[in-house]
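Below is one structure, written out as structure tokens, with a few remarks after it.
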Amino acid sequence: MSVSTLSVIDVPQLMLVQQNCYSEDLVESATVMANRISTFSHTCWGYFVDQQMAGYLLAYPSVLGSITPLAAAFPVYSHTNCLYLHDMAISSDFRGQSLAPALLAHASMEAEKLGLEALALVAVQGAEGYWAKQGFAKVTNISAEQQAILDTYLPEIACYMVKA
């Protein structure tokens, strides 16, 4: 079992994990996933068990308060201050094995190496409680523009969260 950097070759396995974990409304295309991994391979990781993807985390250096729309390419910023954890999923076959905490710890270490001051994410499908237990706090004072972007995730089940 190990965390490793993803490449576009991993997209078919990633899609299987994503489809296993998210409602149809939240599944993003293989093309979008491949673009993200191509652009930010150093911050996109998979957790593999015997060469099978058990989970993944797609992240990128970002700016606090900036939310990535669902199914959009990750933006490239010249100055960043946080690692945006856009998508973390663990296949149902591998839940309960502490893979999510391992991916999160890996991301936290990478954020420190990059000199970033925080982690940020959008919690979906009722995961706000899970992320709160990991030290993330819900951000309620976001701009109308960012709220409109957050609403692309189905507003009744999504919130923007940050961990310093």
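The values are calculated or read from the model by the stated rules, or taken from the named source; none is laboratory data. What you see is a predicted model; the values in this text were computed from it and never measured. Here the Cβ is made from the backbone with ideal geometry for all residues, glycine too, and neighbour counts use every protein chain on show. Protein only, heavy atoms only, side chains kept; ligands, DNA and RNA dropped before computing areas. Shrake-Rupley method; radii C 1.70, N 1.55, O 1.52, S 1.80 Å.
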Requested in this report: Report the residue count in segment 117-134 for those that are free of Cβ contacts under 8 Å to residues at least 60 places away in the same chain and surrounded by fewer than 21 Cβ atoms within 10 Å (Cβ to Cβ).
Outcome: 11
Report summary line: Among ALA144, ALA105, ALA148, ALA132, the single one that is of a type in the set (A, V, I, L, M) and within 23 Å of LEU14 (Cβ to Cβ) is ALA105
Query raised in the report: In this structure, is GLY65 in contact with a helix residue (DSSP H, G or I) (Cβ under 7 Å, 6 or more places away or on another chain) and either on the phi > 0 side of the Ramachandran plot or among the acidic types (Asp, Glu) (or both)?
Result: yes
Query raised in the report: Given TYR47, TYR60, which one is crowded, with 17+ Cβ neighbours inside 10 Å, under 13 Å from the mean Cα position of the chain (by Cα) and not hydrophobic (A, V, I, L, M, F, W, C)?
Result: TYR60
Query - Scope segment 97-114; condition at pLDDT 95 or above and open to solvent by 60 Å² or more (accessible area, probe 1.4 Å); matching residues - result: MET109, GLU112, LYS113, LEU114
**Report entry** Residue count for segment 69-106, restricted to those that are in a loop (DSSP other than H, G, I, E, B), over 15 Å from ILE37 (Cα atoms) and of a type in the set (Val, Ile, Thr)
**Finding:** 1
Report summary line: Only one of (1) open to solvent by less than 40 Å² (accessible area, probe 1.4 Å); (2) closer than 26 Å to GLU24 by Cα; (3) in contact with a Ser or Thr (Cβ under 8 Å, 6 or more places away or on another chain); (4) not acidic (Asp, Glu) does not apply to GLY65, and that is (2)
Query - Criterion violated by MET53 - all others in (1) open to solvent by 30 Å² or more (accessible area, probe 1.4 Å); (2) more than 13 Å from the chain's Cα centre (by Cα) satisfied - result: (1)
Query - Filtered residues of segment 75-96 (kept if over 30 Å from GLN52 (Cβ atoms) and either open to solvent by less than 20 Å² (accessible area, probe 1.4 Å) or basic (Lys, Arg) (or both)) - result: CYS82
